Structures are given as structure tokens and as C-alpha cells.
Amino acid sequence: MQSNISKLILKALGILMGKPPWEECKVVKLVNLTPHEVTVIKEDGEEVSIPPSGEVARVYPRQEIIGEINDIPVVQTVFEDIEGLPDPEECTVYIVSTLVLQALQGERDDVVAPDTGPESAVRDKEGRIVAVKRFQVI
């Protein structure tokens, strides 16, 4: 049985080598911390739907006026508190909004967001995103 120290060392080595920690897990638990169902269409066409967990991770921005351009105020948005994001849990990945993911600034390797960019988003006739093809990290 591995000690906690050796597990931490192996995790650190994986991160240094660019390998996400969930790659070591046989089964990964996905926890959707958004208010919406997240549907992913895999390469083989299989659809995977992850229902909302009932908990929502949110970020609260603060804005500071930093100047003006032609008498139009310019603000700087600073992301402060993130609420509703549980502590890391082994073999668990949390799905959050892109805004929450950006606010984390890479501090957590167990958090992803649906990739809603043009190469991943699947849209209906009205242009609404109904699925994605992948997750993203920042």
C-alpha cells in the first residue's frame, strides 16, 4: 500500500510531466456544478449527459474604475470569491462554468468546463448550444 507521501510525489510527477491526475483513475466521477445538464458527444457519436448535481460553483467579480477613454469609464474586473466548489476528491472531476474555470487561474487540476468554442459546440437550428464535443482546462 502506498503512503500518502508517495502518492503526493507520484501526483506531482504526473503534473510535471503534463499528465492530469484523473488519467490514473480507472473510473472518474464527474460532478456537474453548473445549473444545466451538460451533454458531451464523444468521437464515436455516443452522447453522455451529466445532470446538474444540485450544487452550483459561482464566482463573484469586483470591478474597479481604472481610467477613462474619451470620458467613458474603463473598469478592471477582478475575480475574488469562488463559492460552491468542493475540496478535491480522488478520481473526481468537477464541471464548472468557463468563468469559474478562468477565475481559478489553473490552481486546480480537477476542474474542467464544457468547451463551447466553435470546434466543440454543437448547436440547434436556433444557434443554441445543445452539446459539446470536449471539456477544456485553462
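How much length would be gained if the chain were fully extended between residue 70 and residue 133, taking 0.36 nm per residue of separation minus their Cα-Cα distance, in nm to one decimal?
18.4 nm
Working from Cα positions, state the angle (0 to 90°, nearest 10) between the long axis of helix 4-16 and the longest principal axis of the chain.
60
With the chain treated as a Gaussian network of Cα nodes joined by springs under 10 Å, which of 90, 46, 68 yields the largest mean-square fluctuation?
Taking springs between Cα atoms under 10 Å, the residue moving most is 68.
Please check: in the Gaussian network model of the chain (C-alpha springs, under 10 Å), which one of 19, 29, 125 has the largest mean-square fluctuation.
Highest fluctuation among the options: 125.
Indicate, rounded to the nearest 5 percent, the antiparallel portion of the DSSP beta bridges found entirely in the chain.
In the chain, approximately 70 percent of DSSP beta bridges are antiparallel ones.
What distance in nm separates the two pseudo spin-label positions at residue 80 and residue 125, each 7 Å out from Cα along the beta-carbon direction?
If labels sit at residue 80 and residue 125, their model points lie 4.7 nm apart.
Quick check on the exposure proxy: order 119, 89 from fewest to most C-beta atoms within 10 angstrom.
With the fewest neighbours first, 119, 89 line up as 119, 89.
Among 95, 66, 82, whose mean-square fluctuation peaks in a Gaussian network model of the chain (Cα, cutoff 10 Å)?
Fluctuation is largest for 66.
Compute the distance in nm between two label points, each set 7 Å from the Cα along the Cα-to-Cβ direction, one at residue 26 and one at residue 50.
2.2
Number of Lys-Lys pairs in the chain under 28 Å by Cα, sequence gap 8 or more or different chains?
The number of close lysine pairs in the chain is 18.
With θ set to phi - 60°, apply the Karplus curve 6.51 cos²θ - 1.76 cosθ + 1.60 along the range 78-94 and write out the HN-Hα couplings as whole Hz, x wherever there is a Gly or Pro.
10, 8, 10, 8, 10, 10, x, 9, x, 5, x, 9, 4, 6, 10, 10, 9
Read-outs throughout are calculated quantities, based only on the coordinates presented, and are distinct from any laboratory measurement. As the structure is a prediction and not an experimental result, all values here were calculated from the model. FYI the Cβ positions are ideal-geometry reconstructions off the backbone, even for glycines, and counts take in every protein chain you see.
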